[in-house]
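Chemist: Here it is: the structure, laid out below.
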Amino acid sequence: MPKKILFVFLILFIFNPLQAQESQRKNSKIRKIDLATPLLARKLIDAPTANTLPRGSFDFDLRVYPQGGLFGAVDIGLTSRFMLGVSYGAANLFGEGGVNWNKRVEFMAKYKVVKESYGLPAISIGFDTQGAGAFDDSLRRYTIKSKGFFVAFSKGYLSGTTPLDFHLGANYSLENKDGDKSPSFFVGTELRFRQDLAWVLEYDLALNDNKSSSPYGKGRGYLNTGLRWIFSEILNLEIDLKNLLVNRKNSKSFSRELRIIYLEYF
């Protein structure tokens, strides 16, 4: 199953951009994508992209997840290529019982090594310790492991007049107390339409979360999708459907999450 899904994404990554490039050649009136726009996602849902914040800007990324969970991240664009971020959250913040605060503040850093051009994708390297979902004290990991060290590739095209972005990457998580130290890979795409809506799809092979002894991954990988309402360049609202392949052993269905992204400038 993971190999088939990855194959489909790779075909889309390679074949659709070729069609988009041919369309651009035939129609000189189509404008190039603004590579500096803050509308370019720095993270699809859980998968990082090669995009970075504009210089002198910062954003708040707030997420509500199952089990009454909430976490927020603050990212700062120090230059047009380099951004830093911190994040913190808790499970069972809403509802009854005690609040399970995360044990530590998490950090993120990303540097764009190669800027996107007509022939080349943007390439970024980074480090991110923020996972998704609740934190498991016994295994020292999040429900969905953090990406850890990663490299991401991103390329934007115009399919007709519709912006279409493709992303892929590899990562090595430091959350390996469960004994699974394998590197992993992720792919995704974003389609923006009607100027104010974007559809997001991503797939993480989760090769570092597929051991039979683990209480989490089943070996199917994590398939997520979401719909983002671009209210303005500084405010995005998003609804995500995660774990569509029901990859966790203690889950019977996918999960629903709410995300709010607010961007501002210094």
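Chemist: Could you tell me whether any residue of the stretch 105-117 is of a type in the set (Val, Ile, Thr), surrounded by fewer than 16 Cβ atoms within 10 Å (Cβ to Cβ), in a loop (DSSP other than H, G, I, E, B) and in contact (Cβ under 8 Å) with a residue 60 or more places away in the chain?
Modeler: No; the residues of the stretch 105-117 include none that is of a type in the set (Val, Ile, Thr), surrounded by fewer than 16 Cβ atoms within 10 Å (Cβ to Cβ), in a loop (DSSP other than H, G, I, E, B) and in contact (Cβ under 8 Å) with a residue 60 or more places away in the chain.
Chemist: Would you mention how many residues in the stretch 45-56 are of a type in the set (A, V, I, L, M, F, W, C) and within 13 Å of Asp128 (Cβ to Cβ)?
Modeler: As a first pass, look at the stretch 45-56 and keep what is of a type in the set (A, V, I, L, M, F, W, C): 45, 47, 50, 53.
Checking which are within 13 Å of Asp128 (Cβ to Cβ) leaves us with 47.
Residues that pass the stated criteria total 1.
Chemist: Next question. Give the stretch 166-204 a look and list any residue that's small (Gly, Ala, Ser) and either without any contact (Cβ under 8 Å) to a residue 12 or more places away in the chain or within 24 Å of Leu237 (Cβ to Cβ) (or both), or say none. Talk me through it step by step, then tell me what you get.
Modeler: Taking the stretch 166-204 first, the residues small (Gly, Ala, Ser) are 169-170, 173, 179, 182, 184, 188, 198.
Passing the criteria: Gly188, Ala198.
Chemist: Report whether or not Ala198 is assigned to a strand (DSSP E or B), buried (at least 16 other Cβ atoms within 10 Å of the Cβ) and small (Gly, Ala, Ser).
Modeler: Numbers: assigned to a strand (DSSP E or B): yes; buried (at least 16 other Cβ atoms within 10 Å of the Cβ): yes; small (Gly, Ala, Ser): yes.
Spelling it out, Ala198 is indeed assigned to a strand (DSSP E or B), buried (at least 16 other Cβ atoms within 10 Å of the Cβ) and small (Gly, Ala, Ser).
Chemist: Of all residues in the stretch 118-154, which are at pLDDT below 95 and part of a strand (DSSP E or B)?
Modeler: Within the stretch 118-154, Ala132, Gly133, Ala134, Phe135, Asp136, Arg141, Tyr142, Thr143, Ile144 qualify.
Chemist: Can you tell me which condition Arg220 does not meet? The list is (1) of a type in the set (D, E, K, R); (2) outside any strand (DSSP E or B); (3) at pLDDT 95 or above, and all the others hold.
Modeler: Checking Arg220 against (1) of a type in the set (D, E, K, R); (2) outside any strand (DSSP E or B); (3) at pLDDT 95 or above, the one that fails is (3).
Chemist: Considering only the stretch 236-259, how many residues are surrounded by fewer than 15 Cβ atoms within 10 Å (Cβ to Cβ) and in a strand (DSSP E or B)?
Modeler: 4
Chemist: Quick check on the stretch 157-165. Is at least one of its residues surrounded by 14 or more Cβ atoms within 10 Å (Cβ to Cβ), in contact (Cβ under 8 Å) with a residue 12 or more places away in the chain and either under 17 Å from Pro48 (Cα atoms) or within 14 Å of the chain's Cα centre (by Cα) (or both)?
Modeler: Within the stretch 157-165, one or more residues are surrounded by 14 or more Cβ atoms within 10 Å (Cβ to Cβ), in contact (Cβ under 8 Å) with a residue 12 or more places away in the chain and either under 17 Å from Pro48 (Cα atoms) or within 14 Å of the chain's Cα centre (by Cα) (or both).
Chemist: Give the residue that is farthest from Leu39 (Cα to Cα), with candidates limited to residues of the stretch 174-195 that are surrounded by 18 or more Cβ atoms within 10 Å (Cβ to Cβ) and more than 15 Å from the chain's Cα centre (by Cα).
Modeler: Asp178
Chemist: Something else about it: Take the stretch 201-235 and flag every residue that is of a type in the set (Phe, Trp, Tyr) and buried (at least 18 other Cβ atoms within 10 Å of the Cβ).
Modeler: Result: Tyr203, Tyr216, Tyr222.
Chemist: Ok, one more. Is one or more of the residues making up the stretch 125-139 exposed (fewer than 15 other Cβ atoms within 10 Å of the Cβ) and not small (Gly, Ala, Ser)?
Modeler: The answer is yes, given that some residue of the stretch 125-139 is exposed (fewer than 15 other Cβ atoms within 10 Å of the Cβ) and not small (Gly, Ala, Ser).
Chemist: Additional query: Taking the stretch 156-183 only, how many residues are part of a strand (DSSP E or B) and at pLDDT below 95?
Modeler: Final tally of qualifying residues: 8.
Chemist: Same structure, new question: Please state which one of Arg55, Arg81, Arg63 is of a type in the set (D, E, K, R) and either crowded, with 21+ Cβ neighbours inside 10 Å or touching a residue at least 40 places away in the same chain (Cβ under 8 Å) (or both).
Modeler: From the options Arg55, Arg81, Arg63, the qualifying one is Arg63.
Chemist: So, one more: All but one of (1) farther than 30 Å from Tyr216 by Cα; (2) surrounded by fewer than 17 Cβ atoms within 10 Å (Cβ to Cβ); (3) of a type in the set (Gly, Ala, Ser) hold for Ala170, so report the exception by its number.
Modeler: Of everything listed in (1) farther than 30 Å from Tyr216 by Cα; (2) surrounded by fewer than 17 Cβ atoms within 10 Å (Cβ to Cβ); (3) of a type in the set (Gly, Ala, Ser), Ala170 misses just condition (1).
The values are calculated or read from the model by the stated rules, or taken from the named source; none is laboratory data. Quick caveat: nothing in here was measured; it's all calculated off a predicted structure. For neighbour counting, all protein chains shown are included, and Cβ atoms are generated from backbone atoms with ideal geometry for every residue, glycine included.
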